[in-house]
Every structure is written in C-alpha cells, then in structure tokens.
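Report on the structure given below.
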Number of protein chains: 2
Amino acid sequence: MSEDVYIIGAGETKFGELWERSLRELAVEAGLKAVENAGVYSKDIQVLYGSNSLAGTINAQNDIGSLIADFSGIASNHIPAIRIEASSASGAAAVREAYLAIKSGEYDCVMVGAVEKMTDLYGPEMLDHVSTLLDREWEAFFGATPAAMAALTARKYMHDFNVEKENIMAIPISDHRNASMNPDAHFRNKLTMETAMGATMISEPLNMMDCAPMSDGAAALVIASGSFMKRNRLNGVRILSSGISQDFLALHSRNSIYTMDSTVLAARQAMEKAGLKHKDMSFLEIHDSYSIYGITAIEDLGFAKKGKAAEVIQSGIDINSALPINPSGGLKAKGYPIGAAGVSQFVEAVLQLTEKAGQRQIKDARYGMMHSIAGTGSTSLVHIVGGE
Amino acid sequence: MSEDVYIIGAGETKFGELWERSLRELAVEAGLKAVENAGVYSKDIQVLYGSNSLAGTINAQNDIGSLIADFSGIASNHIPAIRIEASSASGAAAVREAYLAIKSGEYDCVMVGAVEKMTDLYGPEMLDHVSTLLDREWEAFFGATPAAMAALTARKYMHDFNVEKENIMAIPISDHRNASMNPDAHFRNKLTMETAMGATMISEPLNMMDCAPMSDGAAALVIASGSFMKRNRLNGVRILSSGISQDFLALHSRNSIYTMDSTVLAARQAMEKAGLKHKDMSFLEIHDSYSIYGITAIEDLGFAKKGKAAEVIQSGIDINSALPINPSGGLKAKGYPIGAAGVSQFVEAVLQLTEKAGQRQIKDARYGMMHSIAGTGSTSLVHIVGGE
C-alpha cells in the first residue's frame with residue numbers, strides 16, 4: 001500500500017500589483033510561511049517542486065526551481081529543486097508531482113513553491129508573453145490571445161444555450177464578494193451587476209470584469225506522508241485524489257468549443273478515486289481565468305448539465321449556499337499570478353478545512369475540490385482534499 | 001515494495017542545425033520512434049513528461065507538454081502531459097519524474113519526450129535567452145554568459161592544479177572521435193589537438209571547440225514498470241537508481257568554483273542506491289556543455305581525485321578503454337539541444353546495453369551512468385542503468 005498524502009503547511013503572499021517586490025522575494029515569503037505553518041524545519045524538506053509559467057519570458061529567468069531553493073535557503077542543505085510547467089495549470093501539476101513523489105516512497109516531506117511576477121512588463125509585449133500559452137503556430141501567430149479564445153467560447157455558448165451575459169457575469173460578482181473578505185486578495189471591492197456590465201470591453205462579449213487580472217503573487221505548500229505527519233505529531237489536510245487529463249492544444253482541434261473534455265475526464269478520475277459524490281463537496285475552487293470558464297467548469301466538473309450552469313448559480317454559490325464556489329475570491333478577484341494560482345487554491349482549502357478562513361469561513365467544510373486548466377483547457381487537473 | 005522501473009523504448013532525431021524542421025516536428029519524430037522501439041501502442045502511454053528548456057523564449061511557445069501530446073496524437077486519447085524544467089538538466093529531471101511516477105503505483109507506462117529547437121534565433125538575442133539559465137539578477141544582468149562562467153572555472157582550475165589547456169581539450173577530441181561513429185551526431189568530424197587548440201576564442205581560456213554547440217534535436221523514452229513489461233512480453237533496460245542534488249543558483253555562492261557539490265551528492269546517492277562500485281560502470285555519459293565541466297564531472301562523480309581528471313583521461317576514455325566516456329559523442333559532438341540532451345544520454349545507454357550501438361559499441365557493456373547539470377551546476381542528476 002502506498003502512503004496517504006497530506007498538506008501539512010500552507011502559505012501565500014498577498015496578491016496584487018506588487019511593483020516593489022521581486023520574483024524571488026515573493027517565492028521566499030510564501031515558502032517560509034508554509035514551513036512555519038507546517039511546524040517543520042526547512043531541512044526536513046526533501047525536494048522542492050517549483051511552479052511557474054512565464055518567468056522565462058517576463059523575467060528572463062529560467063531554472064526557477066533552483067532560484068526558489070537558493071533564495072529560501074534550502075539549497076544550502078542541497079535539497080533538490082525542479083520546476084513543473086503546464087501553462088496556467090502549473091501549480092496544480094506541481095501539487096500532483098508532489099503527491100506522486102510521496103506515493104513513490106522516495107520522499108516523506110516535500111515542498112511545492114509557486115510564484116509568478118506578472119507586472120514587470122506591460123502592454124503588447126506582455127500580451128505576446130501570455131499568448132505563449134496558446135498554440136503559437138496555429139493560434140497566437142494569427143493574432144489570437146487567451147481573451148479572444150475565451151470570447152469565442154462565450155459567444156457560442158450564449159448563442160447555443162440562449163444564455164444572457166448577466167448569467168455569466170454572476171461569477172465575477174460572486175468572486176468579488178468573497179474576495180472582499182480575503183486579506184490576500186488582489187481586488188477587495190464588491191461589484192454590482194451594473195458596474196460589471198459597463199466595464200471596458202476587452203474582446204466582445206467579454207469585458208474587463210470577465211477577465212482575471214495580471215497579478216503578482218506566490219503560494220507554497222508542505223506536503224508529507226501520513227507516517228511523517230504522525231511521527232512528528234503534526235496535523236494536515238488529506239489529498240484524497242488527483243485527476244489529470246488532456247485535450248488538444250489548439251481550441252479548433254477540440255470536440256467542442258465549450259466543453260473541456262480534459263476537465264470532464266479529470267473530474268471523473270478524481271471523484272472515482274476519492275469515492276465521493278458531487279453533493280459531498282463543501283466548496284469548489286474553479287479556474288475562472290475568464291468568467292465563461294467558470295460557467296463551463298461548473299458543467300464540466302459535473303455540477304450542472306451543459307448549458308445549465310446558470311441554474312446552479314441562481315440557487316446560490318456564495319459561502320452560505322449549498323455549493324460555495326471560489327470562497328477565496330477565485331482567479332478574478334483573489335488574483336491570477338498564473339503559475340501560482342493553482343497552488344493558492346490549496347491554501348484556501350487548508351484555511352477552510354481547518355476553520356481558519358475568518359469572515360469567509362464555510363460552515364462545516366469537509367471536502368473541497370480544486371480545478372485548474374492550462375490555457376484554454378489543453379490540460380486539466382482536479383484534486384479533492386479533506387475528510388479525516 | 002515499489003515497482004522496478006525499465007526503459008522499454010528509446011528514440012531520437014538526428015541532432016544538428018535543422019532549419020527546415022520545427023519544434024513540434026522534432027518532438028513527434030522522437031516520440032514515435034520510442035513508441036515503435038518499445039513495441040507498444042501510443043494508447044498504452046498513460047502520461048507524458050515533456051522536457052524543454054527554452055521554447056518559451058526562443059519559440060514563444062509554453063505548455064510544451066501539451067504541444068508534444070497534441071502533435072504526437074496522444075492528446076486524442078486524453079493522455080495527460082506536463083513539462084519538467086530544470087534548465088539544462090530538464091531531460092534528466094523528466095526521466096526522474098517518470099521513474100517516481102512508476103514507483104508511485106499510479107502509472108505502468110509513461111513517456112518522456114524531450115525537445116529543443118535552438119536555431120530559430122541567432123546572435124546577441126540568443127545569448128540572452130541562454131543566459132536565462134544563470135541567476136538573472138546577480139549574474140546575467142551584469143553581462144555574464146554560461147561560457148564566461150565556465151571560463152572562470154577553467155582558469156582557476158588550470159591555475160590551482162597546474163593543468164595545461166591540452167588536458168582539458170582531450171574531452172572534446174574524444175567526443176568528436178566517438179561522434180564520428182554516431183549517425184545522429186551534430187558533428188561527425190574528428191578533431192586534432194592542433195585544430196582544436198587553434199579554434200576561435202569564445203571566453204578565454206575556452207575556445208569554440210571547448211563549447212557544446214547550439215543544436216536542434218529531440219529524444220524520447222518509454223518507461224514502464226517491471227510488471228507491465230513482463231505482462232506484455234517486452235524487453236527493457238532497468239533504471240537502477242536516480243540521484244538528485246542541489247546547490248546555489250549563482251556560481252559565486254558556491255563552496256567551490258570547480259567542485260559541483262550537487263554532482264558529488266547526486267552521484268553518491270545513485271551509487272548507494274544501486275549498490276554498485278565505480279569500477280562496475282561500463283561507460284559514462286557526462287554533461288560536458290563546456291570541456292571543463294567534463295573534467296570536473298569525472299572528479300565530482302568519483303572517478304578521480306580533485307585536480308586529477310587528466311590522469312583518468314590519459315589512461316584512456318575511448319570506447320575500448322576501461323572507462324569509456326561519452327560513447328555517444330557527448331554534448332560537444334553529438335550535440336546540445338538543451339532540454340533534450342539529458343534524455344538522449346539514455347537513448348545512447350539503451351543502444352549500448354542492448355548491443356545496438358554499431359561501430360561505437362562498447363564490449364560487454366553492463367552498467368551505464370548518466371550525468372546532467374543545470375546551468376553551472378545548480379541542480380545535478382545522476383542515473384545508473386543496466387544490470388539484469
């Protein structure tokens with residue numbers, strides 16, 4: 001029998017436009033918070049899985065695993081570090097590698113350190129960097145951007161299912177409401193439907209309030225085997241299951257423009273392995289890099305039939321409802337440091353499941369589902385955490 | 001007991017300046033060769049570990065795992081893909097993740113697909129891309145390049161141990177001799193000491209013949225559990241052990257400029273886990289991105305005392321000697337597609353250990369050691385393969 005896997009420590013920086021702080025500073029802050037939260041020493045860490053999406057292009061820095069290991073001090077203990085990249089799903093992919101590393105029996109205690117420093121560049125240059133997440137030769141070279149691809153999905157979805165834009169905008173509005181209670185969030189202002197609908201257009205029908213921001217930020221986890229945790233009398237939140245699946249890189253190759261098969265399959269794996277039902281989930285953290293992806297996630301994760309996410313939203317997705325979505329504020333309002341977003345979902349899960357989420361605490365939270373997608377859905381990961 | 005891990009298939013492209021071929025074409029060719037060599041179907045692959053170092057900057061393409069999965073056709077089976085990055089050790093790090101993934105019991109049969117397309121850009125811009133492997137803020141911003149850092153090491157080494165430049169140049173000369181027998185090699189010309197010593201200076205004391213070239217190329221492996229291999233009546237080469245260790249990112253932070261502690265420690269781990277002695281090794285594939293790193297590797301891997309690598313070289317490192325080094329031609333002559341170099345070392349090992357290395361076959365090859373370093377040695381990996 002392979003080992004059970006637990007998150008024994010979690011930490012993150014504030015998300016935002018942190019102009020005065022560097023890539024490495026952010027990574028170190030989150031890492032030290034996670035180690036302190038775990039109640040271990042940094043020498044207890046046996047390997048670091050770094051997660052980052054765009055530092056090679058934005059910050060002219062590769063070998064991000066080594067960078068984090070160096071500046072957090074663990075390199076002085078010769079603790080190895082490698083970086084995991086799966087576009088905007090890098091963070092969740094790093095958690096999965098940590099999970100497998102513990103299961104392999106090779107490691108007892110590993111760290112996931114995720115960081116993105118988005119605001120060192122601006123303008124068209126930045127847009128081109130972000131478009132490295134698309135298929136360069138068949139999408140980005142022709143001018144496609146991530147927002148444009150999401151807009152295609154939104155337009156077709158609204159047409160085929162006769163959905164109003166307001167139904168989609170309900171996700172960002174809910175995100176901002178939750179983020180107003182999260183001190184780490186990039187945006188803490190509440191949004192009205194009128195303000196949101198009237199924001200500057202980005203790529204019709206998506207306006208600025210449909211699009212997650214470019215945030216700086218870092219998040220880190222200490223992940224350990226059940227036996228390490230017990231031996232050291234620590235506490236943790238169990239990673240019950242990890243699902244991952246794949247689709248074509250370019251949107252035009254997929255079976256559907258508004259069903260992410262990779263999410264459907266990853267969710268199915270995660271649910272089966274956890275042996276749980278959808279109604280068992282106390283909350284979801286979903287990858288709403290664009291509002292429409294929040295809508296499709298609700299459906300692809302199995303919480304609504306295709307075209308029917310609005311019904312779920314109407315029955316309530318706030319922290320007091322039957323299905324709280326993005327209690328953290330989500331990518332839209334907590335913020336979207338690309339390679340760190342997936343890991344910060346787990347930080348929220350740990351807070352919720354250990355009843356330390358303050359104002360936004362979900363009552364009797366027991367199981368959480370974390371959802372990440374790469375770009376427009378090339379790779380999806382779904383993790384379920386919680387239980388005893 | 002966790003599973004034994006075997007390489008059941010290996011393939012690579014020719015290395016070189018392949019101007020007419022794209023990143024994705026190269027990746028697919030290597031992947032298909034590996035699948036064919038393994039005697040499995042692509043649907044048998046359960047996960048792809050992509051390895052790449054610089055496509056984000058050179059080719060404006062991230063999400064390389066998805067790119068390879070897409071164009072090799074395995075994305076149509078929803079086989080997940082993530083990318084592993086550890087600078088120039090990315091390939092070896094991807095092999096290690098595959099090894100752990102099998103050990104975890106989560107997977108039976110995985111693919112490592114490694115690719116680098118270096119020649120889409122040239123000149124100063126390219127130099128800056130390659131320098132993303134150094135510490136950007138403390139090295140590259142001040143004009144340091146990988147060649148300059150290696151030159152510092154070479155100068156100090158030659159001074160402290162009273163070593164002549166010819167002793168160091170012996171590595172590239174041996175590499176070219178072996179590569180002349182390798183149809184996949186970038187350079188197949190033999191070098192004389194006179195020609196080599198007279199080449200254009202790059203960063204004194206290192207000239208062009210001390211520096212591995214910028215090569216395009218791809219390499220792929222199919223890696224499986226022992227039970228998968230037996231169940232399907234396949235053959236394979238066993239991965240006996242995997243070692244990994246770390247040092248600071250910037251050269252100036254290290255204990256020594258010419259001892260890579262990360263290599264010393266990774267080699268020790270790999271030897272201990274394999275339960276073998278240095279004299280058991282039939283051949284080494286070492287990371288000689290610069291000739292001096294070939295010298296320090298011989299010492300740091302434990303085959304010579306510090307400062308004494310020249311003695312090992314003088315006693316013979318060709319394919320008929322007691323310790324053949326880089327039978328493939330090494331990074332200098334087989335070529336150096338950065339993120340693919342580490343994986344192509346395993347391709348050579350499979351050829352040697354299955355007696356398919358043609359003209360450069362090492363007699364009675366039984367165990368091989370593969371060595372990779374990230375940049376100037378921030379991360380090192382050592383793998384030992386072979387046995388029964």
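Values quoted throughout were computed directly from the atomic coordinates according to the rules given, and no laboratory measurement underlies them. It should be emphasised that the depicted structure is a prediction, and the values quoted were computed from it without experimental measurement. We place every Cβ from the backbone using ideal geometry, glycine too, and count neighbours over all the protein chains shown.
Before moving on, here are some points about what is shown:
- Long-range Cα-Cα pairs in chain A (distance over 26 Å), rounded percent: 46
- For B:Trp19, A:Trp138, order by how many other beta-carbon atoms lie within 10 Å, fewest first: B:Trp19, A:Trp138
- Amide H contacts of A:Ser321: none lie under 5 Å away among residues 5 or more positions distant or on a separate chain (H built 1.01 Å from N in the peptide plane; Pro and chain starts excluded).
- For B:Ala266, net neighbour charge (Lys/Arg +1, Asp/Glu -1) across residues whose Cβ lies under 13 Å away: -1
- Shape of the stretch A:211-273, Cα gyration tensor, a/c cut at 1.5: oblate
- FRET efficiency, B:Ser76 to A:Asn189 (Cβ-Cβ, R0 45 Å, nearest 0.05): 0.55
- Estimated FRET transfer efficiency (B:Arg233, A:Asn232; beta-carbon r; R0 35 Å; 0.05): 0.20
- For the stretch A:203-275: relative contact order, % (alpha-carbon pairs under 8 angstrom, 6 or more apart): 28
- Once backbone amide H atoms are built at 1.01 Å from N, A:Glu17 has A:Asp216 as its partners under 5 Å, excluding neighbours fewer than 5 places away on the same chain.
- Taking the centroid of alpha carbons for each part, the stretch B:119-189 and the stretch A:219-237 are 42 Å apart.
- 3J(HN,Hα) from dihedral phi, the stretch B:210-226, Karplus parametrisation 6.51/-1.76/1.60, rounded to Hz, x for glycine, proline: 8, 10, 5, x, 8, 10, 8, x, 9, 8, 9, 10, 10, 10, 9, 6, x
- Normalised contact order of chain B, rounded percent, pairs of Cα under 8 Å and 6 or more residues apart: 26
- GluC sites (Glu not before Pro) within the stretch B:8-92, DSSP loop, no more than 15 other Cβ atoms inside 10 Å: B:Glu17, B:Glu20
- Sorted from closest to farthest, the other copies place their B:Met208 label points 5.3 nm away, with each point set 7 Å from Cα along Cα→Cβ.
- Among the trypsin sites (Lys or Arg not before Pro) in the stretch A:299-381, those placed in a DSSP loop whose Cβ has at most 12 other Cβ atoms within 10 Å are A:Lys305, A:Lys356, A:Lys363.
- Sites listed here are GluC sites (Glu not before Pro) in the stretch B:150-232 whose DSSP assignment is loop and whose Cβ has at most 16 other Cβ atoms within 10 Å: B:Glu164.
- Gain in span if fully extended, B:Ser315 to B:Glu272, counting 0.36 nm per residue against the direct Cα distance: 12.9 nm
- Across peptide B:374-384, the mean count of Cβ atoms from other chains lying within 10 Å of each residue's own Cβ comes to 3.
- Anisotropy class assigned to the protein assembly as shown is prolate, per the alpha carbon gyration tensor with a/c at or over the 1.5 cut-off and a/b larger than b/c.
- Computed label-point distance, nm, for sites B:Tyr122 and B:Gln361 using a 7 Å Cα→Cβ extension: 4.1
- Label point 7 Å beyond Cα along the C-beta direction, distances from A:Lys230 to other copies (nm, shortest first): 3.0
- With its label point put 7 Å out from Cα toward Cβ, A:His278 sits 6.3 nm from the same residue's point in the other copies, in order from shortest.
- Whole-number percent relative contact order across the stretch B:94-249, with pairs defined as alpha carbons under 8 Å at least 6 apart: 34
- By the beta-carbon count within 10 Å of each Cβ, the least crowded to most crowded order of A:Leu127, A:Leu381, fewest first, is A:Leu127, A:Leu381.
- Calculated diffusion of the stretch A:1-72, Stokes-Einstein form, Kirkwood radius summed over Cα pairs, 25 °C and 0.890 mPa s, µm²/s: 180
- Counting neighbouring beta carbons within 10 Å and listing from fewest to most, the residues A:Glu355, B:Glu388 come out as B:Glu388, A:Glu355.
- When each of the peptides A:220-226, B:74-80, B:56-62 is scored by the mean number of other C-beta atoms lying within 10 Å of its residues, the order from highest to lowest reads A:220-226, B:56-62, B:74-80.
- Measuring between alpha carbons in the structure, the pairs from A:Lys230/B:Lys43; A:Lys273/B:Lys33; B:Lys279/B:Lys334 lying more than 32 angstrom apart are A:Lys230/B:Lys43; A:Lys273/B:Lys33.
- Charged neighbours of B:Glu20, selected by a Cβ distance under 14 Å, balance to -1 (K, R count +1; D, E count -1).
- Inter-label distance, A:Glu25 to A:Asp160: 4.7 nm, where each label sits 7 Å from its Cα along the C-beta direction.
- Within-10-Å neighbourhood charge of A:Ser245 [Cβ basis; K, R +1; D, E -1]: -1
- Inter-site label distance for B:Thr200 and B:Ser2 at 7 Å from Cα along Cβ, in nm: 4.7
- Antiparallel %, DSSP beta bridges [both residues in the protein assembly as shown], to 5: 70
- Tensor-based shape of the stretch B:307-388 (alpha-carbon gyration tensor, a/c under 1.5 rounded, otherwise prolate or oblate): oblate
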